[in-house]
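Participant: One structure coming up, written as structure tokens, with questions to follow.
The values are calculated or read from the model by the stated rules, or taken from the named source; none is laboratory data. Given the structure is predicted, the values throughout are model-derived calculations rather than measurements. When we count neighbours, we look across all protein chains shown, and the Cβ atoms used for this are built from the backbone with ideal geometry, even at glycine.
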């Protein structure tokens, strides 16, 4: 069968930019179009995006299945200090949290420790660069104790609970109050470094927290 050959032309600067950003958006969303957002957290009443108190047990009553979280951050100049919570749910003994620790990005779900919980840690090898924007997606599969962390569509880190599940109760977090882009409302799962169990410092959260209940990306393997 003959193949249709299409003519080509040089793109203008504006067309090149449009093509570039279209390609970057496709990459950042790769694997996620099939997910249906079920929750969105942001401060609808104020000018800030942060939510200081999320009633985990009420808003997310079933925490024993699949779940995916998505938001974006911007690293700002802060004298080399970049630390804080992107979000957290639960308490010190069992919780789910995404945090920044200078040159690291961490995500934990399940019981504290690595027996019935899992921590996926990305180490950049140096301070996260000022001006960097990053779409962060974190997902949990409770049944086999697995967590995954992506940045701009690229897998950053993965982990599996040593015992192969999140133990008993089989949940990724307790009913402890949560927070988003804010200081914690209560205690934070103890796997979060002490210096990161605080409001964002040296970075800002730029998008609401999207939650995809009972869903994980198709490339969660």
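Participant: For the stretch 116-217, which fully contained strands (runs of 3 or more DSSP E) count at least 3 residues that are under 28 Å from residue 34 (Cβ atoms)?
Facilitator: 117-123, 133-141, 146-151, 154-160, 209-213
Participant: For residue 71, state whether it is at pLDDT 95 or above and exposed (fewer than 10 other Cβ atoms within 10 Å of the Cβ).
Facilitator: no
Participant: Might you let me know whether the stretch 22-44 holds any residue that is at pLDDT 65 or above, surrounded by fewer than 13 Cβ atoms within 10 Å (Cβ to Cβ) and more than 23 Å from residue 205 (Cα to Cα)?
Facilitator: There is at least one residue in the stretch 22-44 that is at pLDDT 65 or above, surrounded by fewer than 13 Cβ atoms within 10 Å (Cβ to Cβ) and more than 23 Å from residue 205 (Cα to Cα).
Participant: Please verify whether residue 78 is more than 24 Å from residue 204 (Cβ to Cβ), in contact (Cβ under 8 Å) with a residue 24 or more places away in the chain and in a loop (DSSP other than H, G, I, E, B), treating the condition exactly as stated.
Facilitator: no
Participant: Could we say that residue 65 is touching a residue at least 40 places away in the same chain (Cβ under 8 Å), in contact with a helix residue (DSSP H, G or I) (Cβ under 9 Å, 6 or more places away or on another chain), in a strand (DSSP E or B) and over 13 Å from residue 203 (Cβ atoms) here?
Facilitator: Taking the combined requirement at face value, the residue does not satisfy it.
Participant: Does residue 11 meet the test of being part of a loop (DSSP other than H, G, I, E, B), in contact with a helix residue (DSSP H, G or I) (Cβ under 7 Å, 6 or more places away or on another chain) and modelled with pLDDT under 95?
Facilitator: Considered against the rule, which asks whether it is part of a loop (DSSP other than H, G, I, E, B), in contact with a helix residue (DSSP H, G or I) (Cβ under 7 Å, 6 or more places away or on another chain) and modelled with pLDDT under 95, residue 11 comes out as yes.
Participant: Kindly check whether there is at least one residue in the stretch 169-178 that is over 25 Å from residue 53 (Cβ atoms) and in contact (Cβ under 8 Å) with a residue 12 or more places away in the chain.
Facilitator: Yes - at least one qualifying residue is present in the stretch 169-178.
Participant: Regarding residue 70, is this residue in contact with a strand residue (DSSP E or B) (Cβ under 6 Å, 6 or more places away or on another chain) and farther than 24 Å from residue 194 by Cβ?
Facilitator: yes
Participant: Right, something else. Look at the stretch 133-151 and say how many of its residues are over 11 Å from the mean Cα position of the chain (by Cα) and surrounded by 15 or more Cβ atoms within 10 Å (Cβ to Cβ).
Facilitator: 4
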